[in-house]
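The structure under discussion appears below in the form of structure tokens.
The values are calculated or read from the model by the stated rules, or taken from the named source; none is laboratory data. A quick note: this is a predicted structure, and the numbers were derived from the prediction, not measured. Every residue, glycine among them, receives a Cβ derived from its backbone with ideal geometry; neighbour counts consider all protein chains shown.
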Amino acid sequence: MPEKLFGGTETLKGVGEAKAEKYLKLGIKSVYDLLCHFPKNYLDFHNNVSIEDSEVNEYNCLKLKIKSKSAPQAVRNRLVVCKAVATDGTDDITVVMFNNVYAFQYLKTGYEYYMYGKVTENLFGKEITSPVYIHSGEKNFIQPIYKLTQGLTVNVLRNDMKQAIALMKSEPFETLPESIMKKYNLCPLMWSLENIHFPESKVSADMARRRLAFDELLKLQLGMMIMKNRSRTHTGFKMDSSVKISDFVKSLPFELTGDQKKASLEIIKDLCRDVPMNRLLQGDVGSGKTAVAGIACCFAARNGVQSALMAPTEILAVQHYRTLSSFFEPFGIKVCLLTGSLKSREKNELREKIASGEYDVIVGTHAIIQKDVEYKSLGLVITDEQHRFGVAQRTALAEKGNTPHKLVMSATPIPRTLALIIYGDLDISVIAQLPKGRKPIKTYAITGKMRHRAFNFVRQRLAEGRQAYVVCPMIEESESELFAVKSYAENAVKSDLAGYRTELLHGKMKPAEKDSVMNDFRDGKIDVLICTTVVEVGVDVPNASVIVIENAERFGLSQIHQLRGRVGRGQFESTCILITDNTSEECLHRMKIMSSKTDGFEISEEDLKMRGPGDFFGNAQHGLPPMKIADLSCSNEIMNMARECAGEILGDDPMLEKECYHSLKMDVIRLFDKDITG
């Protein structure tokens, strides 16, 4: 790789310490980082209209000659207003800029410019406010739109980008061998970097984007595949395939679906290999992942191997413990529950029995990975809702055994494109079918005006002996938001839910308080649970048949689907009511999706398209390096090409040691911020 490109941005003319700091705010450290600061979109200055034909209160592109300029005027609160009068030969318009004297100075009287901005109208005529502009003699009519930061204008960035392009041309380089570019019909890297920033045409920009997106996905795939191959070490727990568990499967209180059977066979096959299993079990809400985990634990126990199942919350851990205990009790497989709320004496006794091998299956929260917890023969490690754990926590549990088999479970449906990226180091089993007898949950979206009618419906269900959830959004669980939820609960008890047993559940409560409330709800001592998203995962109350979600616009589609999955878990017809007063086109579209679709994977695809991969996961620790140009929601074709190419490259050179892959290896290391090939 050329050395100058990887020097700091200060190597560019006009970039001093202050400007370099501004670039750092955008994550730009080097000249190469600047080249990889790709445009969000483009402005096409070919498509201009006359002042007369420009649409008021809309963004328009105009070709204007500056007639006169007024001196910048300082008004209130340090606001500086710059104005100029411009014409297109038939009419005049006022150009207005705020706090941008620098850009205003570059406008010269008598010169023509293409300007793009919002056109408004007042008593004195039309105005175009804070326009982006180029000189009419500019060769590049398609101009990039960048993410900027305060004090860094698009013109300044564009000038620095021209310098970076010139520097790149003085030190030619390419990351892909000619054979790969030819096979996948890819443009050269340097041409692509120039045309993503200064495209000759829209076609050029699209071709450049295709090459750069391919590069990004290829590097991602290479990194994930290398990590996957490195994890294929020898395990100390190769199990015996002749061990039978058919009696256990027949004893389950339900018939396995085809997907459950397939996933179980895939897992057992993995457990009988020399290398440790590294598998994701992905299933929609209520698809029966716990039963599959139970089959894996039974197989392990009959092979004389301990299993550990780690859940993100004590509520979920208790639920798993109860379910697995009921499965295993007739077969003499011993299960224990280890959580942080146990008393010291109880913990010590459990730790001794775990270390001696008395327990076959250990269920718990992060308490099961503490340093003082030792296992006799931990050969199967299962993490539930694994995206809620940090990488360090998952690793700590795996290190309790001698390279154990690892199974991670997630009830958050993830589009296959994204799953292949995020879980590229895992094999994937999917349970898409729901168990027999499950009735689809009817979903309705309404405005606040119909709230009382909705609660009439809730009361009807309560009168039939059913139970209900009411979910209020809390983004950060701040004191003010917590107060709002408490106030909501108090008002509901006095009005819509008067006479019914209600209780409040939120994330600020102590674990013991949460457990007490959930146990009471599960046991039918509470009619309505007014709660935050703390109930999103794992709560299983078959008698609950209605869920009301207030301010539904504040939740992602996948999160609503998770919440909706709290009902419909029993024999009763269930209903989800979404309440929102947001009437924007986007919100209406989202509510329509939730009302018409019940498949979590379809919903997750829509969610990804609408929100992108970053917001799709929120703050989840999924370990995905940030994507700068690849559109993970619609890059299926390029993703498949990148996966195929990554497989070919690693088949030829597993650790990217050949000279022809040197630049590519450096890029992989930079993407993952560490040398994953070492």
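Regarding residue 241, is this residue surrounded by fewer than 17 Cβ atoms within 10 Å (Cβ to Cβ), farther than 18 Å from residue 328 by Cα and out of contact with any His (no Cβ under 7 Å at 6 or more places or on another chain)? So residue 241 fits the description; yes. Scanning segment 506-539 for residues that are in a loop (DSSP other than H, G, I, E, B) and either under 22 Å from the mean Cα position of the chain (by Cα) or surrounded by fewer than 19 Cβ atoms within 10 Å (Cβ to Cβ) (or both) gives 507, 508, 509, 510, 523, 524, 525, 532, 536, 537, 538.
Going by what's in this entry, would residue 175 be described as in a loop (DSSP other than H, G, I, E, B), out of contact with any strand residue (DSSP E or B) (no Cβ under 9 Å at 6 or more places or on another chain) and closer than 22 Å to residue 102 by Cα? In short, no. Look at segment 586-611: where a residue is in contact (Cβ under 8 Å) with a residue 24 or more places away in the chain and among the hydrophobic types (A, V, I, L, M, F, W, C) and a partner is surrounded by fewer than 17 Cβ atoms within 10 Å (Cβ to Cβ) and in a loop (DSSP other than H, G, I, E, B), sitting 6+ places away or on another chain with Cβ atoms under 8 Å, you get 601/432; 603/597.
What are the residues in segment 127-141 that are modelled with pLDDT under 95 and either in a strand (DSSP E or B) or more than 17 Å from residue 158 (Cα to Cα) (or both), if any? 129, 130, 131, 132, 133, 134, 135, listed by residue number.
When you scan segment 192-211, do you find a residue that is within 22 Å of residue 8 (Cβ to Cβ), of a type in the set (Asp, Glu) and crowded, with 20+ Cβ neighbours inside 10 Å, even just one? Checking segment 192-211: at least one residue is within 22 Å of residue 8 (Cβ to Cβ), of a type in the set (Asp, Glu) and crowded, with 20+ Cβ neighbours inside 10 Å. Residue check: is residue 175 at pLDDT below 90 and touching a helix residue (DSSP H, G or I) at 6+ places or on another chain (Cβ under 6 Å)? Here the answer is no, as residue 175 does not meet what is asked. Taking segment 430-463 as the range and being assigned to a loop (DSSP other than H, G, I, E, B) and of a type in the set (Lys, Arg) as the test, the residues that pass are 436, 438, 439. Within segment 86-108, being over 44 Å from the mean Cα position of the chain (by Cα) and within 21 Å of residue 139 (Cα to Cα) holds for 88, 108. Take the conditions (1) touching a Phe, Trp or Tyr at 6+ places or on another chain (Cβ under 6 Å); (2) crowded, with 18+ Cβ neighbours inside 10 Å; (3) in a loop (DSSP other than H, G, I, E, B); residue 115 misses just one of them, which is (3).
Given the structure, is residue 607 surrounded by fewer than 18 Cβ atoms within 10 Å (Cβ to Cβ) and either modelled with pLDDT of 70 or more or in the same structural domain as residue 414 (by TED's automatic domain parsing) (or both)? For residue 607, the condition - surrounded by fewer than 18 Cβ atoms within 10 Å (Cβ to Cβ) and either modelled with pLDDT of 70 or more or in the same structural domain as residue 414 (by TED's automatic domain parsing) (or both) - is not met.
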